[in-house]
Amino acid sequence: MTLWQAKSKRKTTGGRRRHYRKKRKYELGSDFDPAVVAHGKNKTKRVHGGNYKTKAMGAELANVFKSDGSVTRVKIQTVIENPANPNYVQRNILTKGAIIDTKKGRARITSRPGQDGVVNAVLLEE
């Protein structure tokens, strides 16, 4: 189902807002394509203004940043916790804020894999 990202039909007071034009193509959003823990490809999509967005359909490696500033690429084992939706843990869906289990330890995702195409994470201190 396509998202339409225009103003609501209702005002904040609850009254109805009158339409003054039809829907526009630039008001459309994109469907949710979840990035999962798996070997996958990136999908490139043309967006508004002639720019391109890279969506990660699957990821098995993450760029993990340590507190001293060093970066290592480690393999993602599984999703431990996801505050966006508890069902995403069972489906191993990667979103911003999700806590993943890696070989170096637990890490929190700081990038948006569905928007950026990469998984960046910060190692959690235990």
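Could you tell me the convex hull volume per residue, in Å³, taken over the Cα atoms of the chain?
Details: hull volume 20.6 nm³, N = 126.
Spelled out: Cα convex hull of the chain, divided by residues, is 163 Å³.
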For Lys96, what is the net charge nearby, where nearby means another residue's Cβ is under 14 Å from its Cβ and Lys, Arg count +1, Asp, Glu -1? +1
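Explain nothing, just the number: relative contact order of the chain, from Cα pairs under 8 Å at least 6 residues apart, as a whole percent.
21 percent
State the antiparallel share, in %, of DSSP beta bridges confined to the chain, rounding to the nearest 5. Please report the intermediate quantities before stating the final value.
On the way: 25 of 30 bridges.
Of those bridges, close to 85 percent are antiparallel.
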Can you tell me the dipole magnitude for the chain around its Cα centre, using point charges on the Cβ only (Lys, Arg +1; Asp, Glu -1), in Debye to the nearest 20? 1380 debye
Out of segment 49-126, which trypsin sites (Lys or Arg not before Pro) are coil in DSSP terms and have no more than 11 other C-beta atoms within 10 Å? Lys103
Using a Cα-Cα cut-off of under 22 Å, which lysines could be cross-linked to Lys55, ignoring same-chain neighbours fewer than 8 residues away? Lys25, Lys41, Lys43, Lys45, Lys75, Lys96
Work out how much length Asp33 to Thr78 would gain on full extension: take 0.36 nm times their residue separation and subtract the Cα-Cα distance, in nm to one decimal. 14.4 nm
Between Glu60 and Thr44, with labels modelled 7 Å along Cα→Cβ, what's the label distance in nm to one decimal, could you check? 2.3 nm
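Which value, in Å², gives the accessible area per residue of segment 1-64 when a 1.4 Å probe is used on the protein heavy atoms?
On the way: 5410 Å² over 64 residues.
I get 85 Å² per residue for segment 1-64.
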Using a 1.4 Å probe on the protein heavy atoms, what percent of the accessible area of the chain belongs to carbon and sulfur? 49 percent
Of all stretches in the chain that avoid chymotrypsin sites (Phe, Trp or Tyr not before Pro) placed in a DSSP loop and having at most 11 other Cβ atoms within 10 Å, the longest is 33-126
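The values are calculated or read from the model by the stated rules, or taken from the named source; none is laboratory data. All values derive from a computational prediction rather than experimental measurement. Here the Cβ is made from the backbone with ideal geometry for all residues, glycine too, and neighbour counts use every protein chain on show. Accessible surface is based on the protein model in full, side chains and every heavy atom, while ligands, DNA and RNA are left aside. Shrake-Rupley method; radii C 1.70, N 1.55, O 1.52, S 1.80 Å.
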